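We did not get these values from a lab; they are worked out from the coordinates using the rules stated. Not measured: the values here are computed from a predicted model. Ideal geometry is used to build each Cβ from the backbone, glycine not excepted, and the neighbour counts take in all protein chains shown.
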């Protein structure tokens, strides 16, 4: 209880600052951006001082433009997951408990090669054959520490309802609930082993990508193959593979995982990517992996196509389907606002559009308008943000939107997006038709245009057949056929008029 009060008192001044900035922004008042950056830095320091769970939470908040202004997003994006290593004497106890007799099969270098908020990584040699392996282990007491910190977050959360607006509170509540599950999943190394195997399957068509082979795991320990490589931003890597080629290869691999596969690696920062002597791309660390269902992937694809075409109405439609619009929002006003937002990019080509410029504008829209970032998309947004940054570090000339356009064309994804859009439009039209039957009286009038009805009936049948051939979706095709039948049968005594 005392710790909760202490944490609350440390966070309160920063929450009040955020409230002031939010109110001024929503009222359209001028805000001192320089001061906002200074306050964001102070907030960052408090987050870091509160420990590993709060650092992880700060990283999650760094993509939530629905609750934080741009300066806070930029400052929090600098949060690093590197922390001083726990003493070997504490770590070795976990290794012995989880590995049992297997512990003595390895000769472990007691100095970790990396240390993060959740785990530490060691190089070891297998005594039987001298093979070098990597051993990843949870930090001592990390689960208990995280459980305590999550309880504090949940205890403090209701008070934000009285300090901030309803939209902020609801978004923050969803973020905390999702984070409280995700952080414990990241600690479970049996899940990480599963993800390593799944991503290996997903990228089987990429012979130039190497993923270490996991040997075995427990909840707290993971033993895997050691694959040596040069960090992708290093001078050595750039000598082996040209920077522009390397940046695009990384971009393509991660975006294809996102847009075409079930699972995607969600943490493509330079520390998790390397190049071997042959020029193969090595991917490390599978603690943060996302999964996206087929429908969401198609909607994202449609959103990308709408952005490339600067199609405001199409973008609002996709945002609605993704659950990114607050229930109380006026859709018509929102559509006009999005169109105004996109107008600033009229005449700007994919070659000249800067991703940072676009993201700043997009963040402003999410902050000002009644939009929310669905939790199922937060990991995806974090991944694309990190991916863009990594590619720019490798190749300063890298253009996110130009390469996105290139990838979509190469993979033939535009047709998929158009097909998905057509399917959603037809589904919506049929739903509206079925609702109109329920809600409105049917009036039988004299048939005055049999030729028109015959053409309409035949056209609907043709549309249904084409739709089935393209999508293999028999349900929608059948409903279109039923609609054609209704029109056809109505010719005997008149046509069906809905009033």
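Side notes on the structure shown:
- Alpha-carbon centroid distance for the pair segment 1-80 / segment 389-405, whole angstrom: 28 Å
- Scattering from segment 41-86 was approximated by placing one identical point on each alpha carbon and applying the Debye formula without solvent; log10 I(q)/I(0) at 0.18, 0.33 1/Å stands at -0.48, -1.31.
- Gyration tensor verdict on segment 211-301 (Cα atoms; rounded if a/c is under 1.5, prolate if a/b is larger than b/c, oblate otherwise): oblate
- Alpha-carbon centroids, segment 81-142 and segment 223-259: separation in whole Å: 26 Å
- The Cα atoms of segment 148-199 give a gyration tensor whose axes a ≥ b ≥ c have a/c of 1.5 or more with a/b no greater than b/c, which makes the shape oblate.
- Intensity falloff of segment 166-235 expressed as log10 I(q)/I(0), Debye formula with alpha-carbon point scatterers, at q = 0.27 Å⁻¹: -1.14
- Cβ-based exposure ranking for 231, 111, in which fewest neighbours within 10 Å come first: 111, 231
- Protection proxy ranking of 396-403, 160-167 - average other beta-carbon atoms within 10 Å, highest first: 396-403, 160-167
- With a simple spin-label model that places each label point 7 Å from the Cα along the Cα-to-Cβ direction, the separation between residue 309 and residue 205 comes to 2.4 nm.
- Residue 278 paired with residue 88, simple spin-label distance in nm, labels 7 Å along Cα-to-beta-carbon: 3.4 nm
- Of 244, 188, the sequence from fewest to most neighbouring Cβ atoms within 10 angstrom is 244, 188.
- Taking one quarter of the surface of the C-alpha convex hull of segment 88-200 gives a mean projected area of 9.4 nm².
- Between residue 110 and residue 46, residue separation times 0.36 nm minus the direct Cα-Cα distance comes to 19.9 nm.
- Three-way shape call for segment 76-125 based on the alpha-carbon gyration tensor, with the a/c threshold at 1.5: prolate
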